[in-house]
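Down below is the structure, laid out as structure tokens.
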Amino acid sequence: MKGGLLRHSTGAVFALLLLGLLPLTAAAATADIVPGLPAVTVSQTAGGTQWSLTLQILALMTVLTLLPSLLLMMTSFTRIIIVLSLLRQALGTVQTPSNQILIGLALFLTLFIMAPVFQQSYQEGIKPYMDQQISAEVAIQKAAEPLRTFMLNQTRQTDIALFQNIGHYPAFQSPKDVPYPVLMAAFVTSELKTAFQIGFLIFIPFLIIDIVVASVLMSMGMMMLSPMIVSLPFKLMLFVLVDGWTLLMGTLASSFYLGSPVGAG
């Protein structure tokens, strides 16, 4: 079980890296080099224009700087980290768990959720390209399709329609017609909305405990005693008794739909 999870996680990271690096490997094929400056040397082939090694390294460094943003905004990380932060606020533990623990927990849960998506991208796009069975352009399309399906499944139609109207795009006949700029903006908006909805449900039981404790202290005339200090042990006890971490992790993992795209229509 642990070995399988490790393989999925390793494949997920490898697939995410190669999704960004695929455009840079297209120049590996042999071709006649057109004379020019080293920084702008290109080669003309039947498949199109290929860039020099210097430009490939520059593009590689640019892609590497964008990988954190891709991880944050195109995966399940956004929803998970927001819910975990709201949980910490609801419990009243300001710095427990720490930010490093929350980010690490959100990252590993993201890898667990996204492992089937990255594995599919690797099997359908990256592996055939590495085996020289398909071209770089086809590999990029096939590798990006599972991620596109995942994002569509989590995105509300109203959010897609909002950014469609803002960008003055024509009506989309199918999910495949939704361009990536619209999909990415709508996906992030939907994730924020869903995360705050889950956070609202998490806040309710802890808010009830705060209200009860504050009312009891008020009736006892203990005006100077902070209700937060008294309610914190009761909130921690409630969270432990209901096995809160297991319940929360299971709910977050099952809140993502990984089937066929249903977000647009």
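Summary table below
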| read-out | value |
| --- | --- |
| Q120 being closer than 22 Å to S254 by Cα, touching a helix residue (DSSP H, G or I) at 6+ places or on another chain (Cβ under 9 Å) and open to solvent by 50 Å² or more (accessible area, probe 1.4 Å) | yes |
| Per-region count, the stretch 211-241, residues open to solvent by 80 Å² or more (accessible area, probe 1.4 Å) and either within 17 Å of L87 (Cβ to Cβ) or in contact with a strand residue (DSSP E or B) (Cβ under 8 Å, 6 or more places away or on another chain) (or both) | 5 |
| Condition check for V242: closer than 15 Å to A90 by Cβ and at pLDDT below 90 | yes |
| Meets criteria (touching a residue at least 60 places away in the same chain (Cβ under 8 Å), open to solvent by less than 40 Å² (accessible area, probe 1.4 Å), part of a helix (DSSP H, G or I) and closer than 20 Å to L152 by Cα) for V182 | no |
| Residue tally, condition among the β-branched types (V, I, T) and open to solvent by 70 Å² or more (accessible area, probe 1.4 Å), over the stretch 144-179 | 2 |
| Selection status of L111, under 12 Å from S76 (Cα atoms) and open to solvent by less than 50 Å² (accessible area, probe 1.4 Å) | yes |
| Residue under evaluation L86, criteria (1) touching a helix residue (DSSP H, G or I) at 6+ places or on another chain (Cβ under 9 Å); (2) exposed (fewer than 15 other Cβ atoms within 10 Å of the Cβ); (3) farther than 18 Å from L71 by Cα, criterion not met | (2) |
| Only one of L147, L105, L162, L152 that is without any contact (Cβ under 8 Å) to a residue 60 or more places away in the chain, within 20 Å of L70 (Cα to Cα) and aliphatic (A, V, I, L, M) | L105 |
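The values are calculated or read from the model by the stated rules, or taken from the named source; none is laboratory data. A quick note: this is a predicted structure, and the numbers were derived from the prediction, not measured. Note: ideal-geometry Cβ built from the backbone for every residue, glycine included; neighbour counts use all protein chains shown. The accessibility values were calculated without ligands, DNA or RNA, using every heavy atom of the protein model including side chains. Shrake-Rupley method; radii C 1.70, N 1.55, O 1.52, S 1.80 Å.
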